[in-house]
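Asker: Just passing along the structure, written as structure tokens.
Readers should treat all values here as calculations from the given coordinates under stated rules, not as data from a laboratory. Note that the structure is predicted; figures quoted are calculated from it, not measured. Methodologically, a virtual Cβ is constructed for each residue, glycine included, from the backbone with ideal geometry; neighbour enumeration extends over all protein chains shown.
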Amino acid sequence: MSDKKSFYGTGKRKTSIARVYLEPGEGKITVNKRTEEQYFGREAHRYLVRLPFEVTGTMNQFNIRANIAGGGLSSQADALKHGVAKALLAINPDYRKPLKNAGYLTRDARIVERKHYGRRKARRSPQFSKR
């Protein structure tokens, strides 16, 4: 941990969990001790993470340090976006209105449906034949 004041937020999506720490800085993003370019190969994922800063007008004012576990890269990027939005709320409660209107504070609760007995998958039935 650093000496500077840091703000914490937890973001979730599907099975991904992102623990996010925001510290005053120049906009560096570190995910699992790697740079964002190394961790997120797609530009779309890197853009997704910065959206809460654009909405609140705090671009390049905070460094992000995050630990992410579970899920795939798209799910992890969305969980990181959720965590950043919640950490921004800890910094300034006035950010709630723009973040809520943009939909960044809402947890995406869609998860994989469990397999049911008598079925091949969650909804797929065994093949049926009359004769």
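Asker: What tally of residues in segment 22-37 results from selecting those that are touching a helix residue (DSSP H, G or I) at 6+ places or on another chain (Cβ under 7 Å), surrounded by 14 or more Cβ atoms within 10 Å (Cβ to Cβ) and of a type outside the set (A, V, I, L, M)?
Answerer: If we filter segment 22-37 for residues that are touching a helix residue (DSSP H, G or I) at 6+ places or on another chain (Cβ under 7 Å), which is where we start, we get 22, 29, 31-32, 36.
Remaining after also requiring surrounded by 14 or more Cβ atoms within 10 Å (Cβ to Cβ): 22, 29, 31, 36.
Filter again for of a type outside the set (A, V, I, L, M), leaving 36.
Of the residues in that region, 1 qualify.
Asker: Of everything in segment 5-47, what is of a type in the set (Ser, Thr, Tyr) and in a helix (DSSP H, G or I)? Give them in sequence order. Can you show your working first?
Answerer: Just the residues of segment 5-47 that are of a type in the set (Ser, Thr, Tyr), to begin with: 6, 8, 10, 15-16, 21, 30, 35, 39, 47.
Answer for segment 5-47, where residues must be of a type in the set (Ser, Thr, Tyr) and in a helix (DSSP H, G or I): Tyr39, Tyr47.
Asker: Pairs only if they're at least six apart or on different chains, beta carbon under 6 angstrom, first in segment 103-131 and in contact (Cβ under 8 Å) with a residue 12 or more places away in the chain, second outside any loop (DSSP other than H, G, I, E, B); list them, first residue then second.
Answerer: Tyr104/Pro52; Tyr104/Ala85; Leu105/Ala85; Leu105/Leu99; Arg107/Lys12; Asp108/Arg13
Asker: Hey, does segment 48-66 have a residue that's assigned to a helix (DSSP H, G or I), under 16 Å from Thr10 (Cα atoms) and hydroxyl-bearing (Ser, Thr, Tyr)?
Answerer: For segment 48-66, residues assigned to a helix (DSSP H, G or I), under 16 Å from Thr10 (Cα atoms) and hydroxyl-bearing (Ser, Thr, Tyr): absent.
Asker: Moving on. Got a number for residues in segment 38-52 being surrounded by 14 or more Cβ atoms within 10 Å (Cβ to Cβ) and more than 11 Å from Ala87 (Cβ to Cβ)? Walk me through it before giving the result.
Answerer: Start the filter on segment 38-52 by keeping residues that are surrounded by 14 or more Cβ atoms within 10 Å (Cβ to Cβ), which leaves 39-40, 45-46, 48-52.
Now restrict to residues that are more than 11 Å from Ala87 (Cβ to Cβ): 39-40, 45-46, 48-51.
Of the residues in segment 38-52, 8 are surrounded by 14 or more Cβ atoms within 10 Å (Cβ to Cβ) and more than 11 Å from Ala87 (Cβ to Cβ).
Asker: If you don't mind, another one. Test of understanding: among Gly83, Gly103, Gly70, which residue is surrounded by 14 or more Cβ atoms within 10 Å (Cβ to Cβ), out of contact with any helix residue (DSSP H, G or I) (no Cβ under 7 Å at 6 or more places or on another chain) and on the phi > 0 side of the Ramachandran plot? Quick ask: steps written out before the conclusion?
Answerer: On the way: Gly83 fails: on the phi > 0 side of the Ramachandran plot; Gly103 fails: surrounded by 14 or more Cβ atoms within 10 Å (Cβ to Cβ).
After ruling out the rest, the residue left standing is Gly70.
Asker: Now for a separate question. Out of (1) touching a residue at least 12 places away in the same chain (Cβ under 8 Å); (2) exposed (fewer than 15 other Cβ atoms within 10 Å of the Cβ); (3) under 16 Å from the mean Cα position of the chain (by Cα), what's the single condition that is false for Ala90?
Answerer: Status for Ala90: all satisfied but (3).
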